[in-house]
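**Q** The structure follows.
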Amino acid sequence: MRRLILCLTVICTACGVAEQPKWTETIAAYEVPLSTDTDKARFIRLLREEGASQGFHVDAASRGALAIQSEVSPMTFNAAVWRGEEDEELMASAMDFEDRIGRVWISFPLGQDPARSARFREKLVPKIKEFWPATASLPIMPSGAIPLTRDLVRTAAGYSVNPSAAAKYNDARR
């Protein structure tokens, strides 16, 4: 038994977190207020229109899938914009979560072709802000993470990390 535990310990120690490719790093993120089904449907249409104009497609969770997911953690919106028929590259991901239902966070990775990713983001974000003027930028930490909702403070320029929580993010902000 002791050998089994030792073997499992060695195996688990060898299994570290795999380094993610640079192109998956989140470089921009926004909170979009989508409190009604009409807003959510309009947002998905906008994602589909802008995505299709650049050869991308959108996968959006159905009500049924969201209901199942919500049994684990409440969620009312989950969609992603993909390049390639086989979801080869994530262009944007948008979802709400239990502590921010109706406030969808959309994030954009650097992408395999940063210029292509930037073109998509630069066309989409102004339209989002036009339809939902209360859209706010989210800070991206050097690790590529977005801080927890409870650690954010809304400002006129978007969100920033609450000074009392900055230490847990090494006080390094973008």
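**Q** Using +1 on the beta carbon of Lys and Arg, -1 on that of Asp and Glu, and nothing else charged, what's the dipole of the chain about the Cα centre, debye to 20? Please report the intermediate quantities before stating the final value.
**A** Working: 22 positive and 22 negative charges, 85 e Å.
With only Lys, Arg, Asp and Glu charged at Cβ, the dipole is about 400 debye.
**Q** Continuing with the same structure: How big is the equivalent ellipsoid of the chain along its three axes, where each semi-axis is √(5λ) from the Cα gyration tensor, reported in whole Å from largest to smallest?
**A** Details: eigenvalues 180, 92, 72 Å².
They are 30, 21, 19 Å, listed from largest to smallest.
**Q** Mind checking the stretch 57-121 for GluC sites (Glu not before Pro) that DSSP puts in a loop (not H, G, I, E or B) and that have at most 10 other Cβ atoms within 10 Å? Show your work: numbers first, answer last.
**A** Numbers: sites: 71, 85, 86, 88, 89, 98; in loops: 71, 85, 86, 88, 98.
Counting only loop positions with at most 10 other Cβ atoms within 10 Å, the GluC sites (Glu not before Pro) in the stretch 57-121 are 71, 85, 86, 88.
**Q** Hey, another quick one. Write down the accessible area per residue of the chain in Å², having rolled a 1.4 Å probe over the full set of protein chains.
**A** Values: 10320 Å² over 174 residues.
About 59 Å² of surface per residue is accessible.
**Q** On to the next question. With unit charges on the beta carbons (Lys and Arg positive, Asp and Glu negative) and the dipole taken about the Cα centre of the chain, which residue among 117, 58, 138 sits farthest to the positive side?
**A** Checked the options; the winner is 138.
**Q** Amide H neighbours of residue 34 under 5 Å, counting only residues 5+ apart in sequence or on other chains, H built in-plane at 1.01 Å?
**A** Under 5 Å from the amide H of residue 34 lie the amide H atoms of 103, 104, each far enough along the sequence or on another chain.
**Q** Kindly provide the helix-only [θ] at 222 nm of the chain, computed as the sum of -39,500 (n - 2.57) over DSSP H runs of four or more divided by all residues, to the nearest 500 deg cm²/dmol?
**A** Numbers: 4 runs with 56 residues, N = 174.
Calculated at 222 nm, the ellipticity per residue is -10500 deg cm²/dmol.
**Q** Within the chain, which DSSP H helices have Cα atoms that stretch 30 Å or more along the helix axis and a mean Kyte-Doolittle hydropathy of at least -0.5?
**A** The answer is none, since no helix passes both cut-offs.
**Q** Sticking with this structure for a sec: For the chain, which whole percent of the accessible surface, found with a 1.4 angstrom probe, sits on carbon and sulfur atoms?
**A** On the way: 5820 of 10320 Å².
Roughly 56 percent, rounded to a whole number.
The values are calculated or read from the model by the stated rules, or taken from the named source; none is laboratory data. The shown structure was predicted, so the numbers you read here are calculated from the model rather than taken from an experiment. Ideal geometry is used to build each Cβ from the backbone, glycine not excepted, and the neighbour counts take in all protein chains shown. To get the accessible areas, we keep the full protein, side chains included, count just its heavy atoms, and leave off ligands, DNA and RNA. Shrake-Rupley method; radii C 1.70, N 1.55, O 1.52, S 1.80 Å.
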